[in-house]
């Protein structure tokens, strides 16, 4: 093993969370290394963004690149019931006319590379094809990483890179949480997804752009996402309990076809469409971690936790946790205090905000949450629901919707 290199901050993972941390810590003047095991572009689930990503994009300096891209503008969210009844769309700009209320449906391969390259432009040392084999601890303190520079080469040099702060942005792999045993799975949200890209699907541009559409199957045991993208592509995925979706001897193609036949609304949208790539499987296990930071280490993005794909919150949580963690890291390095308390100072408020999305996810899976009916009965909450769908989860009062929503769901269960 070759001993070499020292950095103020080493970030493991070059996705949205890792690239955000790396860009902002480097911009603050600290030596920063981002290690990404794959090569860009690489496909990834999570193509629909929440509008609140706007403010992180502004700080990262990538808004002009996104505005100039071919990505379609996402103007709202719409829900389709198992009977095919379409809710009135939640059009973000009718709630807030500012530019920040509209976002994008992105190609994650290109989008993630844009953020990775942006981190390099801001001074981070960004390396692809670098596989982190272990986190180096001295007692309870993280002090570096063991990295293999070229995972395809059996003779690749393995070396230790030391760091004052190690950031785990490895997504669901969660290197540090796995090593320390601090991940906690939510057994109520043990989901899986099968997804792919189709060309030629129906495209609704009313409202000045495209919408993310959420469609229930007839049985309500599964739901589809429908995310129109550039070049006449649409991302389509089906999500259900893992044991329901991936049981038995059926192939992935057979499972997808069976669920598509169980959802007339999705089948009609795809009647003239054809699959352009292989169907992929993602196991969307919902989980949290006992803590977001320790002495010398921080968790961000999916390494910190994951809720569910239903409201497209994953990329926003990655970006926002990356931004908040970067500020804590920069302060820690500035004052020479890389303790758990300093590095995790951002996490309490962040966890409190994300809890509102968690509650909304549980409402969706209660099988009683018919968004159109709830809004018709409680129109005063449409603004708060729209704020949740936009991602405005840190403002005072955003959770007021649950004072009526929780009671409404309980009553719906009682009457059904």
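Please report, to one decimal in angstroms, the Kirkwood hydrodynamic radius of the stretch 169-287 built from all distinct Cα-Cα pairs. All intermediate terms of the calculation are to be shown ahead of the outcome.
Working: mean 1/r = 0.0638 Å⁻¹.
Result for the stretch 169-287, one decimal place: 15.7 Å.
Taking the chain as a Gaussian network, Cα atoms linked when under 10 Å apart, which of 159, 211, 373 shows the biggest mean-square fluctuation?
Ranking 159, 211, 373 by mean-square fluctuation puts 373 first.
Rounded to whole Å and sorted largest first, what semi-axes of the equivalent ellipsoid does the C-alpha gyration tensor of the stretch 205-246 yield via the square root of 5 times each eigenvalue?
Details: eigenvalues 127, 28, 7 Å².
For the stretch 205-246, the semi-axes come out at 25, 12, 6 Å.
Could you give the distance between the Cα centres of the stretch 197-272 and the stretch 344-364, to the whole Å?
27 Å
Among 259, 221, 380, whose mean-square fluctuation peaks in a Gaussian network model of the chain (Cα, cutoff 10 Å)?
380
In nm², what is the average projected area of the convex hull enclosing the Cα atoms of the stretch 366-415? Could you put the intermediate results ahead of the total?
Working: hull surface 14.0 nm².
Projected area, direction-averaged: 3.5 nm².
With N set to the residue count of the stretch 296-346, report its C-alpha Rg divided by 2.2 N^0.38 Å to two decimal places. It would help to have the intermediate numbers written out before the result.
Working: Rg = 12.2 Å, N = 51, 2.2 N^0.38 = 9.8 Å.
Normalised Cα radius of gyration, the stretch 296-346: 1.25.
Share of Cα-Cα pairs in the stretch 1-48 beyond 13 Å, in percent? Provide the component values of the computation, followed by the final result.
Working: 699 of 1128 pairs.
Roughly 62 percent, rounded to a whole number.
How would 63, 385, 49 line up from fewest to most surrounding beta-carbon atoms within 10 angstrom? Walk me through the numbers before you get to the answer.
Details: 63 16, 385 20, 49 26.
So the ranking, lowest neighbour count to highest, is 63, 385, 49.
Between 283, 191, 74, where does the largest GNM mean-square fluctuation fall for the chain, given springs only between Cα atoms within less than 10 Å?
In the Gaussian network model the winner is 283.
Measure off 7 Å from each Cα along the Cα-to-Cβ vector at residue 94 and residue 280, then give the distance between these two points in nanometres to one decimal.
So the label points at residue 94 and residue 280 sit 3.4 nm apart.
Please work out the Kirkwood hydrodynamic radius for the stretch 225-363, using every pair of different C-alpha atoms, and report it in angstroms with one decimal place.
Kirkwood hydrodynamic radius for the stretch 225-363: 17.9 Å.
Which angle from 0 to 90°, rounded to the nearest 10, does the C-alpha axis of helix 314-335 make with the longest principal axis of the chain?
30 degrees
Hey, quick one: spin label on residue 203, modelled 7 Å out along Cα-Cβ, who in the stretch 235-250 has an amide N within reach, i.e. under 19 Å?
Within reach of a label on residue 203, which here means backbone N under 19 Å from a point 7 Å along Cα→Cβ, the stretch 235-250 contributes 235-237.
Hey, what's the Cα Rg ratio for the stretch 318-357 versus the globular rule of thumb, 2.2 N^0.38 Å?
On the way: Rg = 10.8 Å, N = 40, 2.2 N^0.38 = 8.9 Å.
Output field value: 1.21.
Before rounding to the nearest 500, sum -39500 (n - 2.57) across all DSSP H runs of length at least 4 in the chain and divide by the residue total; then give [θ] at 222 nm in deg cm²/dmol. Write out the running numbers ahead of the final one.
Working: 15 runs with 145 residues, N = 416.
Helix-only estimate at 222 nm: -10000 deg cm²/dmol.
If you line up the Cα atoms of the stretch 1-157 on their principal axes, what length do they span on each, largest first, in Å?
61, 37, 33
To the nearest 10 degrees, how steep is helix 16-27 against the longest Cα principal axis of the chain, on a 0 to 90 scale?
40 degrees
With viscosity set to 0.890 mPa s at 25 °C, what whole-number translational diffusion coefficient in µm²/s follows for the stretch 295-410 from Stokes-Einstein and a Kirkwood radius over Cα pairs? Display every interim value, and only then the final one.
Working: Rh = 15.6 Å.
The Stokes-Einstein estimate is 157 µm²/s.
Beyond 20 Å, what share of the Cα-Cα pairs of the stretch 244-321 remains, rounded to the nearest whole percent? Spell out each step's value before the answer.
Details: 1636 of 3003 pairs.
Of all Cα-Cα pairs in the stretch 244-321, 54 percent lie more than 20 Å apart.
Please compute the Kirkwood hydrodynamic radius of the stretch 87-203 from all pairs of different C-alpha atoms, in Å with one decimal. Let's see the in-between values first.
Working: mean 1/r = 0.0525 Å⁻¹.
Here the Kirkwood hydrodynamic radius works out to 19.0 Å.
So for the chain, averaging the separation of alpha carbon pairs under 8 Å that are six or more residues apart and normalising by length, what relative contact order in percent results?
Details: 875 pairs, mean separation 85.2, N = 416.
20 percent.
Could you work out the Rg to Rh ratio of the chain, with Rh taken as the Kirkwood radius (inverse of the mean 1/r over all Cα pairs)? Provide the component values of the computation, followed by the final result.
Details: Rg = 21.5 Å, Rh = 22.1 Å.
Here Rg/Rh amounts to 0.97.
Quick note: the coordinates plus some simple rules give every number you see, no bench work behind them. Note that this is a predicted model, so its numbers are computed, not measured. Heads up, the Cβs are rebuilt from the backbone with ideal geometry, glycines too, and the neighbour counts pull from every protein chain shown.
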